[in-house]
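Asks: Okay, handing you the structure first.
The values are calculated or read from the model by the stated rules, or taken from the named source; none is laboratory data. These numbers come from a predicted model, not from an experiment. Note: ideal-geometry Cβ built from the backbone for every residue, glycine included; neighbour counts use all protein chains shown.
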Amino acid sequence: MSDSVQERQTGQGDRLQSRLGAHLLPGEQQTRFRVWSTRASQVQVRVNGELHPMEALPGAYFETVLPVGAGARYQFVLDGQALPDPYARSLPDGVHGEAEVVDLTSFAWQHTDWAGLPLAACVFYELHVGTFTPQGTFRAALERLPYLKDLGVTAIQLMPLAAFPGTRGWGYDGVGMYAPFAPYGRPEDVMAFVDAAHGLGLAVFVDVVYNHFGPDGNYLLSYSPSYFTDRFHTAWGQGLDYAEEHMRRYVTGNARMWLEDYRMDGLRLDATAAMQDDSEEHILCELAREVHALGGSHVMLAEDHRNHPELVTGYGLDGIWVDDFHHEVRVSLTGEQEGYYGGFRGGAAELAQVINRGWKYEGQFWNVTGEEHERGRPADALEAPSFVYCIQNHDQVGNRALGDRLYQSQGVTLEEYLGASTLLLTLPMTPLLFQGQEWAAGTPFPFFSDHHGELGRLVTEGRRREFAYFSGFSGENVPDPQAEATFQSAKLDWNEHTGAGHARTLALYRALLRLRREDPVLSVRSRRAIRAGSLARSLDVPGEAAATGRRAGTLWVQWQTPQGMRALLWNLGETPLDTPGSLTGLPFTLPEQVMLRSGDDLTGGAAPTPLARRPLQPGEAALFGADA
């Protein structure tokens, strides 16, 4: 083991590098300013308009201590060139402006007894701060926390918060990784949101992007080219060099900041397949080790399409966002075969395979044009909570040309959407909801950003090329990502969720989340407690639908625990499901008690409709139960 790896594993290698930037000293009357630069021979810091020299130290460090406190504005000046601080904890004027000295220890936390949540207890609600409320701020989002508590979710998954250029965007082009995006609010507003969530029993996760930096406002290169390398590449140029200690410290220190200073409960690591590292210890291993060494119940999730269980079993992460479940559900309902959907067939049998195996691809050939390779490995070693399932998330909605949601897709009925929702929320895998899906929100979520001039044109054209295999991107009605109106269209309409169809959907989600939490069988989070299969019916596959399995068969899922048995039927066929004749081949006796039907209107609290009175309709799901 090399000395650098040993230092990292004992925590000794991080103490100086993690203090780069501006940090208040004890007493809050002085601030240490510290820079690492292999480019500059002379470094100064301009504080509140006044220049101060910084002492050159061994190892390309420069440092000074000045009698200024929180609120001071500053920039570093390298060989006469003023530059923003890439380690800034606050960038109130944006990524190209002065940084602000802040005291992240001064916030008066009210809920210090919060102990976090294990992954098995999480039901995620992904939200984008800028579109979750009309105001688009943390203070406004805080006011909606009681709604989320009442809904029944337990963990909030925030889209990226690191500062990015402009006044709006998804956040995946962040460059000021240590500074929360100023239009959302100040650092203390983030803390107030987290504190209030904890007071309601809600965990808070944040999405972090450690695989690339955005194309505008990344000043690390101006301090040292060593942060980056030609050995790897990203969409915007050189790759991040995790063999360089300062680059490693930049991201591990950032992870600790969100978890320690802002008291987040976990991190969602964006596109971990693109976190390339040829170091002795992969950066993902180090991140997992350092985060778990903090104690408590901090959770690390990977967004990773490769279906590699070793992200959990080897690297030490806790869970993986799984694409396969979403894709099979979508293909089952839409029959889509463009792009990566071409690797999925849809239908009850395919869904059953995903549920039984965790994901579809376990080494089979991925025969999607331009991406041909063997994909995935068996996931037998992973338990149910390590699979994060969804039927919508920001990518799967926003990467569509119009940002349309699943239930807005051509041919998808509300009954099918409610059936898919019932499946998602009853499985023991960890479910994730995307903002507004619990009431079938009518607002889209298209891609939007705020890049001006030539860069804005390049970003817009780049997305059209990236998703050219989706025919929708060739149309003339694709919203302009740079237009203010595109961003405004994505804001949730909080007045619509009381409308008839929306209220019915919301009532079903609340009922399902209550069952997931309280039912003694459904609350068991183990793959060993469930099995899934399908009942084929030839009448379900008319014409071209047979090619993909769209609306094909009936999916069944059975839960068996010492507390009893539960069974779910989801009618993916074109005709009503009558019993008992339609259930030939079901490998267990269906319990008589109907616990819930997705086709019922639950707004009035009526008991589930027996199948004898109304057959299971196309798209509808029903949950049955028998206690031990």
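Asks: ASP173 passes all but one of (1) of a type outside the set (S, T, N, Q); (2) surrounded by fewer than 24 Cβ atoms within 10 Å (Cβ to Cβ); (3) within 18 Å of the chain's Cα centre (by Cα); which number fails?
Replies: Unmet for ASP173, out of (1) of a type outside the set (S, T, N, Q); (2) surrounded by fewer than 24 Cβ atoms within 10 Å (Cβ to Cβ); (3) within 18 Å of the chain's Cα centre (by Cα): (2).
Asks: Answer yes if at least one residue in the range 144-151 is in the same structural domain as ALA115 (by TED's automatic domain parsing), touching a Phe, Trp or Tyr at 6+ places or on another chain (Cβ under 8 Å) and under 30 Å from PRO84 (Cα atoms), and no otherwise.
Replies: no
Asks: What is the one condition in (1) within 22 Å of VAL251 (Cβ to Cβ); (2) buried (at least 18 other Cβ atoms within 10 Å of the Cβ) that VAL45 does not satisfy?
Replies: So VAL45 meets the others, but not (1).
Asks: What are the pairs, 6+ residues apart or on separate chains, where a residue within the range 131-151 that is modelled with pLDDT of 95 or more has its Cβ under 6 Å from a residue that is of a type in the set (S, T, N, Q)?
Replies: These pairs meet every condition: PHE132/GLN435; ALA140/THR133; ALA141/THR133.
Asks: Enumerate the helices (runs of 4 or more DSSP H) found wholly within the range 384-487, keeping only those where 1 or more residues are among the acidic types (Asp, Glu) and under 23 Å from GLY319 (Cα atoms).
Replies: It comes to 394-398.
Asks: Still on this structure, please answer the following. Can you find, within the range 595-628, the residue that is surrounded by the most Cβ atoms within 10 Å (Cβ to Cβ) among those that are of a type in the set (A, V, I, L, M) and in a loop (DSSP other than H, G, I, E, B)?
Replies: LEU611
Asks: Still on this structure: Need a quick list: helices (runs of 4 or more DSSP H) entirely within the range 219-320 having at least 3 residues that are of a type in the set (D, E, K, R) and either within 27 Å of VAL204 (Cβ to Cβ) or in the same structural domain as SER41 (by TED's automatic domain parsing) (or both).
Replies: Those helices (runs of 4 or more DSSP H) span 245-256, 283-292.
Asks: Oh, and also: Applying the selection to the range 555-592, what residues are polar (S, T, N, Q) and at pLDDT 95 or above?
Replies: Answer for the range 555-592, where residues must be polar (S, T, N, Q) and at pLDDT 95 or above: GLN558, GLN560, THR561, GLN563, ASN571.
Asks: Take the residues of the range 115-148 that are of a type in the set (Phe, Trp, Tyr) and more than 25 Å from GLU383 (Cβ to Cβ): which is nearest to the chain's Cα centre (by Cα)?
Replies: PHE132
Asks: Residue check: is VAL354 surrounded by 20 or more Cβ atoms within 10 Å (Cβ to Cβ), free of Cβ contacts under 8 Å to residues at least 40 places away in the same chain, of a type in the set (A, V, I, L, M, F, W, C) and not assigned by TED's automatic domain parsing to the domain that holds LEU117?
Replies: In short, yes.
Asks: Within the range 93-116, track down each residue that is in a loop (DSSP other than H, G, I, E, B) and closer than 20 Å to LEU20 by Cβ.
Replies: VAL95, HIS96, GLY97, GLU98, VAL101, VAL102, ASP103, LEU104, THR105
Table: residues versus (1) out of contact with any Gly (no Cβ under 9 Å at 6 or more places or on another chain); (2) under 24 Å from GLY214 (Cβ atoms).
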residue: ALA82; (1), (2): yes, yes
residue: TYR87; (1), (2): no, yes
residue: GLY94; (1), (2): no, yes
residue: GLU98; (1), (2): yes, yes
residue: SER106; (1), (2): yes, no
residue: TRP109; (1), (2): yes, no
residue: TRP114; (1), (2): no, no
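Asks: Can I ask one more? Can you say whether PRO58 is within 21 Å of MET247 (Cα to Cα) and free of Cβ contacts under 8 Å to residues at least 24 places away in the same chain, as far as the supplied structure shows?
Replies: yes
Asks: Kindly check whether there is at least one residue in the range 512-522 that is surrounded by 15 or more Cβ atoms within 10 Å (Cβ to Cβ) and either under 23 Å from ALA349 (Cβ atoms) or at pLDDT below 95 (or both).
Replies: no
Asks: Within the range 104-127, track down each residue that is of a type outside the set (Phe, Trp, Tyr) and touching a Pro at 6+ places or on another chain (Cβ under 9 Å).
Replies: LEU104, PRO118, LEU119, ALA120, ALA121, CYS122, VAL123 - these are the residues of the range 104-127 that are of a type outside the set (Phe, Trp, Tyr) and touching a Pro at 6+ places or on another chain (Cβ under 9 Å).
Asks: Still on this structure, please answer the following. Could you tell me whether any residue of the range 102-111 is within 15 Å of TYR178 (Cα to Cα) and under 27 Å from the mean Cα position of the chain (by Cα)?
Replies: Scanning the range 102-111, I find at least one residue that is within 15 Å of TYR178 (Cα to Cα) and under 27 Å from the mean Cα position of the chain (by Cα), so the answer is yes.
Asks: Shifting gears a bit: Quick check on TYR74: is it outside any loop (DSSP other than H, G, I, E, B), within 27 Å of GLY27 (Cα to Cα) and either out of contact with any Asp or Glu (no Cβ under 9 Å at 6 or more places or on another chain) or touching a residue at least 40 places away in the same chain (Cβ under 8 Å) (or both)?
Replies: So TYR74 fits the description; yes.
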